[in-house]
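Asks: Before I ask anything, let me first share the structure, which is written out below as structure tokens.
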Amino acid sequence: MSTVVLEAKGLAKRYGDAVAVAGIDLSVNQGEVIGLLGPNGAGKTTTILMLLGLTEASEGSVSILGKDPLRRPLEVKREVGYLPDSVGFYDTMTGRENLAYTAKLAGMSRELAKERIAAALEKVRLSAPADRPVATYSRGMRQRLGIAELLMRDCRIAILDEPTSGLDPQSTQELLDLILDLSRGGMTILLSSHMLDVVQSICSRVALFNKGRIGFFGTIEELAARIGRGSFVIDVEADGIDLGQLAGKTDGVTSVASASHGLWQVEATRDVRSDLAKLVVEAGGRLKNLDLRRARLDEAYNRYFREVANAA
Amino acid sequence: MQREGSPFRGVGTVALKEAADHMTSARMHLIMLLVLLTAIGAVYGAIDRIRDTTAQDAYLFLKLFTVAREPLPSFAAFLGFLLPLVAIALGFDAINGEFNRRTMSRLLAQPIYRDAVLFGKFLGGLLVIAIALLTLWLMMVGLGMLFLGLPPSGADIVRGVFWLAATLAYAGVWLALAIAFSTVIRSPATSALAALSVWLVLTVFWGMIAPLVAGIVAPIDPFDPMSVLNRFEWQQAIARISPQTLYGEVTGLLLDPAARSVGPLFMHQMQGAVIGAPLPTMQSLLIVWPQISGLIAAMLVLFTLAYVVFQRQEVRA
């Protein structure tokens, strides 16, 4: 059993009558990458700020590495790096100077800081523009500078708020590689994002926020299973048959949906490709394509929130 | 709930960074150019005037700061008017600027307390003002020695240094005011305007408002001579709400050893006094001690206000 590095119990935040976060329980193990998902205003950023101790919770408690961020904020903040949503730097200072400032605030010695900053900038490939003012940096470069700050500070936990918002696909990929790098280095990472394919590609578990609560917390496969569909999705392309009538009775198939003419999407709890092929051929249809893929997070996400909305 | 760790961790770092920022900012260069030009004008006028008229006057050296030649005001009067402008220029976007640059949340996520951010910003601004003031003061002393061929006496230096300290406290009031506005108001332009309005009201219009209000509170009764005094005291009390009045009184006493009082003085109080004889430096200082305390108190109150608001502020912009 891996050690729990971050734990929140019954965390709630109210602004007057408005409830931003209505009681959240979260437990994160060492080395995990957790995706925080949910619509805007679901309480993700507020939760992050409470975890960091930057906002005082109305109720509940947080423990990071066994410490309370409200009571021992300096020790907690030394171990936890935070990359805010659209991170800002001092425009008139160079990238290197910006990092040197935070290194000094973290109490690093000048030599150590110099060494670590150079290494971090090298890693995020900002060595060349490091001595230009940040005003000349693109958005992707700023985000990478933010990652460099986390690298330099050598935190044990990193909390990234929307790190990929507003980035082009190439920068997004670069940033993801960096985040994966951090994770391989043993850092525990919490990441909030709206880009679900991003989350799926790097997160070990996801937390779905809805109206100030965590509606679901677990792996993507668990999410797919939980909302009543299998974790196997098969795209079937065939002519001359109606798969919707044929496949419904097959063992393991949970649903068959017609996507367009001659194209179906079959969801199942196991790999039913051979059964489907047999069905199509025996019914005299012409099978063109059978494609198995994992449950996609965006589908699961959309369905989850549709169900939540219907239940309400 | 008891917090652990020192709230002063990082104060020095923040202060030095702020000071370095101010030193290199175009804003500071412009305003220091303005101050420098007016200072040179004032000291030139003063030297000219001292040469012409008061060749045998005592305390010539201190006169350098207070003597004026029309149409230019004296150096001390200039500082009283322009120093608030410098302080406001340094402080009006201290806190809201961080929010607008979106650096606040990242800054507060560093292992420091919020206290360090606010206090560091105040100290950084004060440090820059102190450096500028000291430079100006030394320049004045140097020019005086150069053109008048007159070295300052020990007492002159002591008075000058105390005056410098009081001037710094005066600038601190305005800096604290500007930072308080930058905490309360989210838009830097609005906070600058608010601070400038307060400056205009307190330095330009307060001199007109004080007698008006005093006239309403304590009207003069033609049959009661004491009512004149009563009204004057009211007027003075109201005028002293403005830091500029306090600073003017401190300047008047510290830079003029012959000055005896900041309030009304009666003939019987002057009995036996040698008119024009200088007061010991410590006595002058004692007379304006309340004024200096008042300036420091105003600075602390404004800073505390900013502190309380800032501590309760939400981090998310």
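The values are calculated or read from the model by the stated rules, or taken from the named source; none is laboratory data. Note that this is a predicted model, so its numbers are computed, not measured. When we count neighbours, we look across all protein chains shown, and the Cβ atoms used for this are built from the backbone with ideal geometry, even at glycine.
Asks: Among the residues of the stretch A:58-74, which ones are facing chain B (nearest Cβ under 7 Å) and either basic (Lys, Arg) or assigned to a strand (DSSP E or B) (or both)?
Replies: Selection gives A:Arg71, A:Arg72.
Asks: Ok, one more. What's the number of the only condition in (1) within 9 Å of chain B (Cβ to nearest Cβ); (2) part of a loop (DSSP other than H, G, I, E, B) that A:Thr46 fails to meet?
Replies: For A:Thr46, the failing item is (2).
Asks: Let me ask something else about it. Search the stretch B:83-114 for residues being away from chain A (no Cβ under 13 Å) and in contact with a Gly (Cβ under 9 Å, 6 or more places away or on another chain), and hand back the single one that is farthest from B:Val11 (Cα to Cα).
Replies: B:Ala87
Asks: Looking at A:Ala224 and the list (1) touching a Ser or Thr at 6+ places or on another chain (Cβ under 7 Å); (2) modelled with pLDDT of 85 or more; (3) of a type in the set (Gly, Ala, Ser), which single condition is not satisfied?
Replies: Unmet for A:Ala224, out of (1) touching a Ser or Thr at 6+ places or on another chain (Cβ under 7 Å); (2) modelled with pLDDT of 85 or more; (3) of a type in the set (Gly, Ala, Ser): (2).
Asks: Further question: Looking only at the stretch A:46-83, how many residues end up being farther than 20 Å from B:Phe310 by Cβ, among the hydroxyl-bearing types (Ser, Thr, Tyr) and surrounded by 24 or more Cβ atoms within 10 Å (Cβ to Cβ)?
Replies: Adding up the residues that qualify gives 1.
Here's the yes/no breakdown for (1) away from chain B (no Cβ under 12 Å); (2) out of contact with any Lys or Arg (no Cβ under 7 Å at 6 or more places or on another chain):
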residue: A:Val76; (1), (2): no, no
residue: A:Phe89; (1), (2): no, no
residue: A:Tyr101; (1), (2): no, no
residue: A:Leu112; (1), (2): yes, yes
residue: A:Arg116; (1), (2): yes, yes
residue: A:Ala120; (1), (2): yes, yes
residue: A:Ser138; (1), (2): yes, yes
residue: A:Arg142; (1), (2): no, yes
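Asks: Residue check: is A:Gly285 in contact (Cβ under 8 Å) with a residue 12 or more places away in the chain, small (Gly, Ala, Ser) and in the same structural domain as A:Gly10 (by TED's automatic domain parsing)?
Replies: When the stated conditions are applied, A:Gly285 does not pass them.
Asks: Between a residue in the stretch B:1-24 that is more than 7 Å from chain A (Cβ to nearest Cβ) and any residue that is in a loop (DSSP other than H, G, I, E, B) and among the hydroxyl-bearing types (Ser, Thr, Tyr), which pairs come within a Cβ distance under 6 Å, given they are 6 or more apart or on different chains?
Replies: Listed pairs, sorted by first residue: B:Pro7/B:Tyr113.
Asks: Do we have A:Gly43 as more than 26 Å from A:Val206 (Cβ to Cβ), surrounded by 22 or more Cβ atoms within 10 Å (Cβ to Cβ) and in contact (Cβ under 8 Å) with a residue 40 or more places away in the chain here?
Replies: No: the conditions fail for A:Gly43.
Asks: Assuming B:Glu249 fulfils every condition listed in (1) acidic (Asp, Glu); (2) assigned to a helix (DSSP H, G or I); (3) surrounded by fewer than 17 Cβ atoms within 10 Å (Cβ to Cβ) apart from one, which condition is it?
Replies: (3)
Asks: Could you list, in sequence order, the residues of the stretch B:124-158 that are more than 30 Å from B:Thr24 (Cβ to Cβ), free of Cβ contacts under 8 Å to residues at least 40 places away in the same chain and under 23 Å from the mean Cα position of the chain (by Cα)?
Replies: Within the stretch B:124-158, just B:Ile157 meets the criteria.
Asks: Just to check your reading of the model, which residue among B:Ser227, B:Ser242, B:Ser261, B:Ser284 is under 24 Å from the mean Cα position of the chain (by Cα), of a type outside the set (A, V, I, L, M) and more than 25 Å from B:Leu60 (Cα to Cα)?
Replies: Checking each option against the conditions leaves just B:Ser242.
Asks: Please go through the stretch B:171-202 and give me each residue that is surrounded by fewer than 19 Cβ atoms within 10 Å (Cβ to Cβ), hydroxyl-bearing (Ser, Thr, Tyr) and part of a helix (DSSP H, G or I), ordered by number.
Replies: If the condition is that a residue be surrounded by fewer than 19 Cβ atoms within 10 Å (Cβ to Cβ), hydroxyl-bearing (Ser, Thr, Tyr) and part of a helix (DSSP H, G or I), then B:Thr190, B:Ser197 are the ones that fit.
Asks: Next question, about the same structure. Quick check on my filter: what residues within the stretch A:31-43 are over 16 Å from the mean Cα position of the chain (by Cα) and either facing another protein chain (nearest Cβ under 10 Å) or among the polar types (S, T, N, Q) (or both)?
Replies: Listed by number, the list is empty, since nothing qualifies.
Asks: Of all residues in the stretch A:111-147, how many are under 22 Å from A:Met195 (Cα atoms), in a helix (DSSP H, G or I) and either free of Cβ contacts under 8 Å to residues at least 60 places away in the same chain or outside the structural domain of A:Ile48 (by TED's automatic domain parsing) (or both)?
Replies: The total comes to 6.
Asks: Tell me which of these B:Phe75 doesn't satisfy, since it passes every other one: (1) over 18 Å from the mean Cα position of the chain (by Cα); (2) touching a residue at least 12 places away in the same chain (Cβ under 8 Å).
Replies: Checking B:Phe75 against (1) over 18 Å from the mean Cα position of the chain (by Cα); (2) touching a residue at least 12 places away in the same chain (Cβ under 8 Å), the one that fails is (1).
Asks: From the list B:Gly124, B:Gly120, exactly one residue is at pLDDT 95 or above, surrounded by 22 or more Cβ atoms within 10 Å (Cβ to Cβ), out of contact with any Gly (no Cβ under 9 Å at 6 or more places or on another chain) and within 14 Å of another protein chain (Cβ to nearest Cβ). Which is it?
Replies: B:Gly124
Asks: May I ask you to list the residues in the stretch A:104-160 that are under 17 Å from A:Glu75 (Cα atoms), touching an Asp or Glu at 6+ places or on another chain (Cβ under 9 Å) and not basic (Lys, Arg)?
Replies: A:Cys155, A:Ile157, listed by residue number.
Asks: For the stretch B:288-317, name all the residues that are of a type in the set (A, V, I, L, M), within 18 Å of the chain's Cα centre (by Cα) and surrounded by fewer than 19 Cβ atoms within 10 Å (Cβ to Cβ).
Replies: Within the stretch B:288-317, B:Ile296, B:Ala297, B:Leu300, B:Val301 qualify.
Asks: B:Phe162 - would you say it is closer than 30 Å to A:Arg72 by Cβ and crowded, with 19+ Cβ neighbours inside 10 Å?
Replies: Here the answer is no, as B:Phe162 does not meet what is asked.
Residues are listed down the side, and each one gets a yes or a no for (1) in a helix (DSSP H, G or I); (2) closer than 24 Å to B:Tyr170 by Cα; (3) among the small types (Gly, Ala, Ser):
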position: B:Ile129; (1), (2), (3): yes, yes, no
position: B:Leu136; (1), (2), (3): yes, yes, no
position: B:Met140; (1), (2), (3): yes, yes, no
position: B:Leu146; (1), (2), (3): yes, no, no
position: B:Pro152; (1), (2), (3): no, no, no
position: B:Arg159; (1), (2), (3): yes, yes, no
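Asks: With (1) within 13 Å of another protein chain (Cβ to nearest Cβ); (2) surrounded by fewer than 18 Cβ atoms within 10 Å (Cβ to Cβ); (3) not charged (D, E, K, R) as the list, and A:Met108 as the residue in question, which single condition is left unmet?
Replies: (2)
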